[in-house]
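Peer 1: Below you'll find the structure I mean.
The values are calculated or read from the model by the stated rules, or taken from the named source; none is laboratory data. Computed from a predicted model, the values in this text were never measured in an experiment. Virtual Cβ from ideal backbone geometry, glycine too; neighbours counted across all protein chains shown. The area values use the complete protein model at the heavy-atom level, side chains included, leaving out ligands, DNA and RNA. Shrake-Rupley method; radii C 1.70, N 1.55, O 1.52, S 1.80 Å.
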Amino acid sequence: MQSSLAILVLNYNGRDLLEKCLCSIVAAAASVPWGAAVVVVDNCSSDDSVAFVRSVFPSVEVVVSPRNDFLFSLNPIVAARTEDIVVILNNDIWVTPGFLQPLIRHFDEGDLFAATCGIRDWDGTAFTAESRPHICTVRPAGSWYEEIYEPAPDAPAEVQLASGGASAYRRDRFVNLGGFDPLYRPGYSEDLDLSIRAWRQGWRIIYDPT
């Protein structure tokens, strides 16, 4: 499936992180035969993140958000893109060269909403399933809910949660759902909420540890 792709990297005062991580993201984008746009979405950084990216990574588009609205700054950016699939990454992630292909292959499935990545420690030796969980069971807990995290599977599997900082989304469905709900500002559980709203539409989420 030759879907058009955009990789959105959310950044705030992360110049040092971008220096370490953006090379790998640009290389991964270049490995897609039909190309992928790389966009740094900057949340009004006070460091020299924007100047650094424009100087060192001229192929990377930089969009400066009108204000620092945490990851909710991504909602209008995703809505304004034209690509079929948007991959949302935090700025503290470096990626393996071929990480995109295992994700995007799942979008051949018509009912897919998102594909979420396996995340390892910085040295690549262990999955961070406990601190950055992908798999959860949601059950009522009074007027709220509990998230019961389970070990991540070692092969692609349908799951309940697309991690907001390391997932690919079918862009039109993300926009249709309104993106991350600002009710959760400044953050946490907004990606679970989005996932739940996708389930209610009958759309699926795949976790792919490769």
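Peer 1: If you take the residues in region 1-18 that are modelled with pLDDT of 95 or more and over 14 Å from the mean Cα position of the chain (by Cα), which one is nearest to Glu61 (Cα to Cα)? Can you show your working first?
Peer 2: So the first thing to find is which residues in region 1-18 are modelled with pLDDT of 95 or more, and the list is 4-18.
Subsequent filtering for residues that are over 14 Å from the mean Cα position of the chain (by Cα) retains 4, 12-18.
Values: Ser4: 16, Tyr12: 16, Asn13: 17, Gly14: 16, Arg15: 15, Asp16: 18, Leu17: 17, Leu18: 13 Å.
Residue satisfying both the conditions and the ranking: Leu18.
Peer 1: Quick check on Ser24: is it at pLDDT 95 or above and more than 20 Å from Gly118 (Cβ to Cβ)?
Peer 2: Judged against the criteria, Ser24 is not a match.
Peer 1: Sticking with this structure for a sec: If you take the residues in region 93-113 that are acidic (Asp, Glu) and at pLDDT below 95, which one is nearest to Ile205 (Cα to Cα)? Before you say what the answer is, go through the steps one by one.
Peer 2: First, pick out the residues of region 93-113 that are acidic (Asp, Glu): 108-109, 111.
Cutting the leftovers down to at pLDDT below 95 gives us 108-109.
Details: Asp108: 13, Glu109: 11 Å.
Residue satisfying both the conditions and the ranking: Glu109.
Peer 1: Out of Thr137, Thr125, Thr116, I need the residue that is modelled with pLDDT of 90 or more and either surrounded by fewer than 19 Cβ atoms within 10 Å (Cβ to Cβ) or in a strand (DSSP E or B) (or both). Which one? Lay out the reasoning, then the answer.
Peer 2: Details: Thr137 fails: modelled with pLDDT of 90 or more; Thr125 fails: modelled with pLDDT of 90 or more.
Matching residue, one of Thr137, Thr125, Thr116: Thr116.
For (1) open to solvent by less than 30 Å² (accessible area, probe 1.4 Å); (2) touching a Phe, Trp or Tyr at 6+ places or on another chain (Cβ under 9 Å), each residue gets a yes or a no:
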{"residue": "Cys21", "(1), (2)": "yes, yes"}
{"residue": "Ser24", "(1), (2)": "yes, yes"}
{"residue": "Trp34", "(1), (2)": "no, no"}
{"residue": "Val38", "(1), (2)": "yes, yes"}
{"residue": "Asp42", "(1), (2)": "yes, yes"}
{"residue": "Ser49", "(1), (2)": "yes, yes"}
{"residue": "Phe52", "(1), (2)": "yes, no"}
{"residue": "Ser55", "(1), (2)": "no, no"}
{"residue": "Pro58", "(1), (2)": "no, no"}
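Peer 1: Can I ask one more? From the list Ala6, Ala79, exactly one residue is under 20 Å from Gly118 (Cα atoms) and not aromatic (Phe, Trp, Tyr). Which is it? Steps first, answer last, please.
Peer 2: Values: Ala79 fails: under 20 Å from Gly118 (Cα atoms).
None of the others qualify; the one that does is Ala6.
Peer 1: Search region 190-210 for residues being over 23 Å from Leu100 (Cα atoms) and touching a residue at least 24 places away in the same chain (Cβ under 8 Å), and hand back the single one that is least open to solvent (accessible area, probe 1.4 Å). Write out each step before concluding.
Peer 2: Taking region 190-210 as the starting set, the residues that turn out to be over 23 Å from Leu100 (Cα atoms) are 190, 193, 196-197, 199-202.
Subsequent filtering for residues that are touching a residue at least 24 places away in the same chain (Cβ under 8 Å) retains 190, 196, 199, 201-202.
Details: Glu190: 15, Ile196: 37, Trp199: 90, Gln201: 101, Gly202: 48 Å².
If we take residues in region 190-210 being over 23 Å from Leu100 (Cα atoms) and touching a residue at least 24 places away in the same chain (Cβ under 8 Å), then Glu190 is least open to solvent (accessible area, probe 1.4 Å).
Peer 1: Next up: For region 60-83, give me the residue count where each residue is open to solvent by less than 70 Å² (accessible area, probe 1.4 Å) and part of a strand (DSSP E or B). Spell out how you get there, then give the answer.
Peer 2: Initially, region 60-83 is screened for residues open to solvent by less than 70 Å² (accessible area, probe 1.4 Å), giving 60, 62-63, 65, 68-69, 71-75, 77-79, 81, 83.
Remaining after also requiring part of a strand (DSSP E or B): 62-63.
Total satisfying the criteria: 2.
Peer 1: Further question: Among the candidates Pro186, Pro153, which residue alone is more than 15 Å from the chain's Cα centre (by Cα), touching a residue at least 24 places away in the same chain (Cβ under 8 Å) and closer than 15 Å to Asn75 by Cβ?
Peer 2: Details: Pro153 fails: closer than 15 Å to Asn75 by Cβ.
Of Pro186, Pro153, the one residue that is more than 15 Å from the chain's Cα centre (by Cα), touching a residue at least 24 places away in the same chain (Cβ under 8 Å) and closer than 15 Å to Asn75 by Cβ is Pro186.
Peer 1: Another question, then. Determine the pairs where a residue that is over 19 Å from Pro186 (Cβ atoms), located within region 56-83, has a partner that is hydroxyl-bearing (Ser, Thr, Tyr) and open to solvent by 30 Å² or more (accessible area, probe 1.4 Å) with Cβ atoms under 8 Å apart, the partner being 6 or more residues away or on another chain.
Peer 2: Final answer for the pair search is Thr82/Ser4; Glu83/Ser4.
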